[in-house]
Every structure is written in structure tokens, then in C-alpha cells.
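The values are calculated or read from the model by the stated rules, or taken from the named source; none is laboratory data. Everything numeric here is computed off the predicted structure, so don't read it as measured data. In this analysis, Cβ positions are derived from the backbone assuming ideal geometry, glycine residues included, and neighbour counts consider all displayed protein chains.
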Amino acid sequence: MKKIYLDYAATTPMHPAVAKAMQGYFSEDFGNPSSLHSIGQKAKDAVEQARYEVAHILGAKPKEIIFTSGGSESNNFAIKGVTHAMKDKGNHIITSKIEHHAVLEPYHFLQKNGFDVTFLSVDNYGVVDPDDVKKAIIDKTILVSIMHANNEIGTIEPIEEISKICRNKGVYLHTDAVQSFGSLDTNVDKLGVDFLSISAHKFYGPKGVGLLYIKQGTRISPLIHGGAQEWNKRASTHNVPGIVGLAKAAQLAIVEKDERVKHYSHLRDKLIKLIFEKIEDVKLNGHPEKRLPNNCHIILKYVEGESMLLKLDAIGIEVATGSACSSGSLEPSHVLLSIGITPEDAHGSLRLTIGRLTTEQDIDYVGEHLPKIVDDLRRMSPIGKGNR
Ligand SMILES: *Cc1c(COP(=O)(O)O)cnc(C)c1O
């Protein structure tokens, strides 16, 4: 069966050139970068070369890059590490209601452990108002964490404006740039952030590797204690193939950025157009312009996201939903509820995210089959339009 993968926000297939770059570091050049002999030093050179390359891409210094096991660790490291190191200054921290769980859950954890937490509301497009950040900052505030772009609805946050406010007030700013890297400019100086997280598997690199940018001079405690790797900031033997793969994927993302963004946005716009032409009672979520080029997030009224997902999967189309069961909880997506969508409507949400390998034919195929599936489900459904 033809497979049409439209879930690139969940993960991406590794680029063949990335797999090739990693290959030599599994069995051949397998050394531990902390070993002083030749094979160890060869591995160390590979890690340091990778660090140099990704630092350059982010506009950072090599010493400001700490390799981690991915986006979740980078976010946890920034949030728990800063709050621990800065607790003499205060115990107030700020974030938004639409962050990824890898930011929200560390905030909830800290809230249970004596921190005062402000979860900022967003507007109906999912945008954080920089003025709200300004108003929320008090003397005791030590950290603001606002994502660069949202993983569900694709909305891009005004990080540059928020960073000016944070700099003025002397408060650290972390941004989760896991979804934006490769599609938006993630130069750390332009963004004005103190901490930034990225994850390789979201941009055609390997799973289980990411990094945290840590601005020189900022205070942060380690999350993982042990050996002296990463200047005592993150113990554990380096994931050498992973780090090499991350750097290769990052380089390709930058070299191909314009081409990829053009490809994504062209197919995204075509997909949205087809859906709106062929299906009634549909709504686009997220910001009309300030959105990731590959994101199409819609509400299809009177249908269940899971039913659509399964019917689409049966004909080879792979998508995501913000409906309840998919997230493994009883509640629909916190992001959709935060932008004012009713729980009922949130159950009919679909996220289609485009990638390097998506073709015109793939989009045509979706345009051909999705309307029919929606139509069938609406006719069968007890919450269907016909039954209201
Ligand atoms: C995928 C994702 C993460 C988690 O990254 P992992 O590497 O899978 O741990 C964090 N934040 C956002 C916005 C993401 O999309």
C-alpha cells in the first residue's frame, strides 16, 4: 500500500547523508571521547567538530553548546537547572499554557515543590502577548520559558519582543525551538535568548540526541550528575554517532532551508485550499500567517479525530489528532482548549504536517480521500450534523 506520511511534527525519517555520516562511529571509530588513546581522541575530535558546526549555525560559541538526549532533556535541564542555580534570587517562574509537555511538566513539578508559577494565556491564534510577560515579571522571577513555535498548531511566538523585556528586567529566557529549527531563523543573538533547545529527530537527524544552548555567564546546575563531560554540565559518555548525526542534519537543514520552506509552504497551502474547497464546516487553527510553513491544523466539526485517523491510516495516510485518546488522557489537547476551542470541537481536530519527502501527488491523494471519509463519518456519527 502507498504510504503517505503527514506527521513530520512527530518525527522525521533520517536523511540518508546523516545515516552515512554516522556509520563509521558505531563499530569502527567506536572510542570514548573521554579516553586519552587514539581511538578515544578520534571520537573526541568528531564530537568537538560537531559542536563547532552547530554552534556556528546557531550563532553561538562552541562552549555554549551542551549535547543532550533530545528535546525533553534539554527543556528539563534548562528549567530545573536554572531554578536550582537561581533559587537564592527568587522562586517565581513563567511559561505559557500551550507549551510542549516537556516544558509544562517540569513547571508542574516545580510548582509542587514550592515554586510560584505563572502560566500565561494566549489569544485565539495561540500567540503569547509580550505585554503579559512584562506584567507577570516580579522581583522574584528567575525564568521565562516560551516556545519558538508550537508543535500542534504551528503558531510562531514573538520571542524577539519577549527577549527584550526579559533582558530589561534581568530575567533569563529559555525557548523550546524543537519545531522551529530548520524552518525559522534560530540565531540565538537575534532571538535574544539565554537558553534554547533543539532535537535532531525533528529535522531528519537521529532520535535520542539534541542540545541545549546555554549563554555564557548564565547560572545553571546540571541535571545529570556523574562524569566530567560537557564541562561538568552533563555527565554520561557522549552519544558520538548521534552527535555527528545531529550536526550533519543541522548543516543540511541550513543549506536546504530556503528550498525546504518553499516546498513545505507550497504543499501546505495546496492542502489547505483542497480541504476548504471540498469539506464543509472546517476551521483552520493557529495563526493565518505567523505559522510554521509545514503545519496544517484543522477542526472538522461533527467527527471524531480518532475515527478519521484510523480510517486515513487504513488507506495509508498517516496524520495526528489533538483528540483525547491519542494523547493517552481523557482531556483533549491543552493547546486547543487554550485557544478557546470547545472540548467537543477539539475531538474533531487533525494535524497534517508536511516534510521533505511529501509530493504533490500525496496532497492530491489526501484531497481525494479525506472529504469522503469525513462525509461517511458525519453520516454515521451520533454527533453528526444530520442528527442535530
Ligand atoms: C518533539 C518535541 C519535544 C520533545 O523532543 P524529544 O527529542 O522527542 O524529547 C519538545 N518540544 C517540542 C516543541 C517538540 O515538538
| When you go through (1) within 16 Å of the ligand (Cβ to nearest atom); (2) over 15 Å from the mean Cα position of the chain (by Cα) one by one for Leu104, which number turns out not to apply? | (2)
| task | Could you please find all residues in the stretch 261-280 being surrounded by 13 or more Cβ atoms within 10 Å (Cβ to Cβ) and without any contact (Cβ under 8 Å) to a residue 24 or more places away in the chain? | result | His266, Asp269, Phe276, Glu280
| query | Conditions: (1) outside any strand (DSSP E or B); (2) in contact with a Ser or Thr (Cβ under 9 Å, 6 or more places away or on another chain); (3) not assigned by TED's automatic domain parsing to the domain that holds Glu368. Ser323 meets all but one. Number of the miss? | reply | (3)
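Before we move on, is Ser72 within 16 Å of the ligand (Cβ to nearest atom), among the polar types (S, T, N, Q), touching a residue at least 24 places away in the same chain (Cβ under 8 Å) and closer than 21 Å to Lys135 by Cα?
Values: within 16 Å of the ligand (Cβ to nearest atom): yes; among the polar types (S, T, N, Q): yes; touching a residue at least 24 places away in the same chain (Cβ under 8 Å): yes; closer than 21 Å to Lys135 by Cα: no.
So Ser72 does not fit the description; no.
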| In the stretch 195-213, is there at least one residue being more than 26 Å from Pro241 (Cα to Cα) and touching a residue at least 40 places away in the same chain (Cβ under 8 Å)? | no
| field | From Asp185, Asp258, residue being surrounded by fewer than 18 Cβ atoms within 10 Å (Cβ to Cβ), more than 16 Å from the ligand (Cβ to nearest atom), without any contact (Cβ under 8 Å) to a residue 12 or more places away in the chain and within 15 Å of the chain's Cα centre (by Cα) | value | Asp185
| note | Pairing a residue in the stretch 355-384 that is of a type in the set (Ser, Thr, Tyr) with any residue that is assigned to a helix (DSSP H, G or I), where Cβ atoms lie under 7 Å and the two sit 6 or more apart in sequence or on different chains, gives Thr358/Leu267
| said: Condition check: over 23 Å from Ala177 (Cα atoms) and more than 16 Å from the ligand (Cβ to nearest atom). Does Tyr52 satisfy that? | reply: no
| remark: Note: among Ala21, Ala9, Ala17, just one is in contact (Cβ under 8 Å) with a residue 24 or more places away in the chain, within 16 Å of the ligand (Cβ to nearest atom) and within 21 Å of Ser199 (Cα to Cα), namely Ala9
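Could you list, in sequence order, all residues of the stretch 196-223 that are more than 13 Å from the ligand (Cβ to nearest atom) and surrounded by fewer than 18 Cβ atoms within 10 Å (Cβ to Cβ)? Working first, answer last.
Looking only at the stretch 196-223, we keep the residues that are more than 13 Å from the ligand (Cβ to nearest atom), and these are 204, 213-223.
Once the filter is applied, which keeps residues that are more than 13 Å from the ligand (Cβ to nearest atom) and surrounded by fewer than 18 Cβ atoms within 10 Å (Cβ to Cβ), the stretch 196-223 yields Gln216, Gly217, Thr218, Arg219, Ser221.
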